[in-house]
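The values are calculated or read from the model by the stated rules, or taken from the named source; none is laboratory data. Please read all numbers here as calculations on a predicted model, not as lab measurements. Glycine also receives a Cβ, built like all others from the backbone with ideal geometry; neighbour counts cover every protein chain displayed.
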Amino acid sequence: MAIKVSNPESVFEAVNLLADPLYDYCSITKQLDDGAGSEESLLDHPWLQRQRRIHQLQSAWWVFHTAEHSRFQHAVGAMHLSGSFTDHLYPSLRQSCSDAPSRNLVVEVMRVAGLLHDVGHGPFGHFFDAEVLSRYGLDHEDVGRHLVLGTLADLIGSLRRSPDGPFEPGEAVLPQWVAWVMAPRELPGFSPPAWLRALKPVLCGLASADNMDYVPRDAYMCGVAVGPVDLARLRHYMFIKDGCLVLHQHGAPALEVFLSARLHMYNHVYFHRTVRRIDLHLRPVFARTCGLLLPPGNPVDHLDSYLLLTDWSLMQEVERLQLSPRNEEERELGRHWEAVTTRRLPWQLAFEAYRELSHPEGPAGLRDSHQIEERIRSALPERFRDVGLEVDLASTAPRPDNPAANDQMLRLFDPISGRVEVEAAPALLARLLPVRTVWLRVYSDRAEAREAIREAAVRTMPGVLA
């Protein structure tokens with residue numbers, strides 16, 4: 001985006017370029033002496049800089065040796081794509097939602113939401129959500145919204161420009177807009193304007209700026225080939241109609257390719273067998289280790305400590321636990337972590353199966369890992385009945401069961417009928433993608449039992465695995 005000003009040279013005073021391997025360059029507004037805030041000030045804020053010290057991939061950086069990229073890089077990329085797609089959508093947004101403010105303000109709201117959508121992540125990303133924040137009924141999006149409405153609110157509210165130029169007089173970014181649009185769930189007590197509701201799929205939809213950045217970025221950084229992800233075509237064929245984000249039928253193949261690439265990354269990177277082994281091994285000790293660096297209680301009540309908790313600080317604590325534990329409990333934690341840091345994990349893969357499901361629930365036999373373990377263990381020879389056994393179910397939804405539902409916000413425009421065909425979305429995606437996929441893996445800590453475990457799994461679950 002190029003800033004529109006009367007003095008061409010002033011663009012260099014107002015906008016910086018950040019080099020990026022996916023987009024060549026991302027623009028950010030610079031801090032000027034006009035008293036207004038800037039994207040530069042947001043990026044330099046401790047809560048954003050903290051993201052440099054949190055890996056984008058929670059455990060996969062131990063498996064893919066080049067996957068050293070951070071949440072910070074992804075945040076900048078999501079900001080760039082959110083602004084690019086919103087800028088393209090703005091003319092149709094104005095036609096559909098007469099309450100929409102100026103283009104520069106609308107674009108900036110979405111850029112800031114893209115930049116901050118992951119600001120609440122803890123170390124190891126989603127693993128921290130599952131092992132620590134879930135105990136308090138929270139996830140990283142809840143923490144992020146808390147920061148946007150609190151610590152970062154004044155800075156967000158002081159913004160007066162996008163990279164394309166200033167807002168209209170009297171306009172400002174409301175932190176509530178950013179907090180609402182950056183996460184799928186509703187924001188209690190807040191009713192968004194129609195124009196903001198129309199744009200929510202840009203960050204929370206089927207082909208969101210979040211997804212469209214992390215899929216090609218993670219693939220690039222891991223050295224994994226996923227095929228072409230045609231973001232330009234997807235952007236070109238998107239528009240707003242009747243308050244909804246719509247994809248023209250001509251852009252449907254690009255959506256299919258993108259969702260296939262995303263599924264490929266889940267199958268071969270995010271759910272990689274060794275990535276899952278690492279998570280499996282860390283579950284008993286991860287929260288206890290984080291507890292050494294956080295005060296007791298809800299992390300939202302201790303944001304000063306949470307700010308300092310990153311992958312770097314956690315791994316420094318892990319090193320201390322291994323080298324100079326203060327008591328037997330810490331010695332135990334150190335020994336447990338050592339299996340990961342030295343890549344000598346006790347759990348070895350004994351069995352795996354992959355299922356693609358046409359129903360979101362799937363067969364009952366693939367829903368409960370404890371029941372699966374009991375079935376397999378009961379079918380083992382007597383000498384292996386007490387073997388160490390762990391069942392891992394890794395599941396994702398490559399497409400929603402009903403992509404046209406309100407919470408999915410996908411509509412397709414049929415150029416032949418000239419209408420938005422809500423029913424066409426499920427049929428389009430069903431041609432290529434399952435509703436749900438499941439990796440069933442069984443790990444054991446005794447190599448001599450692996451063949452017996454494999455045979456027991458095949459014998460006890462023929463209907464599930466068919």
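Residue pairs whose Cβ atoms lie under 8 Å apart, sitting 6 or more positions apart in sequence or on different chains, and linking a residue in the stretch 242-265 that is in contact (Cβ under 8 Å) with a residue 40 or more places away in the chain to a partner that is of a type in the set (D, E, K, R) and in a helix (DSSP H, G or I), are Gly243/Arg197; Met265/Asp218. Given the structure, is Arg94 in a helix (DSSP H, G or I), over 23 Å from Tyr237 (Cα atoms), assigned by TED's automatic domain parsing to the domain that holds Tyr23 and free of Cβ contacts under 8 Å to residues at least 24 places away in the same chain? Considered against the rule, which asks whether it is in a helix (DSSP H, G or I), over 23 Å from Tyr237 (Cα atoms), assigned by TED's automatic domain parsing to the domain that holds Tyr23 and free of Cβ contacts under 8 Å to residues at least 24 places away in the same chain, Arg94 comes out as no. With the structure loaded, tell me whether Leu280 is surrounded by fewer than 16 Cβ atoms within 10 Å (Cβ to Cβ) and of a type in the set (A, V, I, L, M, F, W, C) or whether it fails that test. Here the answer is no, as Leu280 does not meet what is asked.
Just to be sure before I move on: is Val224 outside any helix (DSSP H, G or I), aliphatic (A, V, I, L, M) and under 19 Å from the mean Cα position of the chain (by Cα) in the structure I sent? Answer is yes for this residue.
When the stretch 299-341 is filtered for residues that are closer than 28 Å to Gln51 by Cβ and assigned to a loop (DSSP other than H, G, I, E, B), the ones remaining, listed by number, are Leu309, Thr310. Screening the stretch 353-376 for residues that are of a type in the set (D, E, K, R) and within 17 Å of Leu280 (Cβ to Cβ) and picking the one that is surrounded by the fewest Cβ atoms within 10 Å (Cβ to Cβ) gives Asp368. Selection of the stretch 158-200 for residues being farther than 19 Å from Asn104 by Cα and either touching a residue at least 24 places away in the same chain (Cβ under 8 Å) or β-branched (Val, Ile, Thr) (or both) yields Ala183, Pro184, Arg185, Leu187. Among the residues here, Ala232 qualifies as assigned to a helix (DSSP H, G or I), surrounded by fewer than 18 Cβ atoms within 10 Å (Cβ to Cβ) and either on the phi > 0 side of the Ramachandran plot or among the aliphatic types (A, V, I, L, M) (or both). Out of the stretch 177-219, which residues are buried (at least 22 other Cβ atoms within 10 Å of the Cβ) and among the polar types (S, T, N, Q)? Answer for the stretch 177-219, where residues must be buried (at least 22 other Cβ atoms within 10 Å of the Cβ) and among the polar types (S, T, N, Q): just Ser208.
For the stretch 57-78, the candidate set comprises residues that are in contact with a strand residue (DSSP E or B) (Cβ under 8 Å, 6 or more places away or on another chain), not hydrophobic (A, V, I, L, M, F, W, C) and not in a helix (DSSP H, G or I); within that set, the residue that is surrounded by the fewest Cβ atoms within 10 Å (Cβ to Cβ) is Glu68. Examine the stretch 370-383 for a residue that is within 22 Å of Asp279 (Cβ to Cβ), assigned to a strand (DSSP E or B) and not aromatic (Phe, Trp, Tyr), and state whether such a residue exists. Looking for residues that are within 22 Å of Asp279 (Cβ to Cβ), assigned to a strand (DSSP E or B) and not aromatic (Phe, Trp, Tyr), one finds none in the stretch 370-383, hence no.
When the criteria are applied in full, Leu115 fails the requirement of being part of a helix (DSSP H, G or I), among the hydrophobic types (A, V, I, L, M, F, W, C) and surrounded by fewer than 24 Cβ atoms within 10 Å (Cβ to Cβ). With respect to Asp129, is the statement that it is assigned by TED's automatic domain parsing to the domain that holds Trp47, surrounded by fewer than 18 Cβ atoms within 10 Å (Cβ to Cβ) and assigned to a helix (DSSP H, G or I) true? Answer is no for this residue.
Which ones in the stretch 329-347 are touching an Asp or Glu at 6+ places or on another chain (Cβ under 7 Å) and surrounded by fewer than 17 Cβ atoms within 10 Å (Cβ to Cβ)? Result: Pro346, single match.
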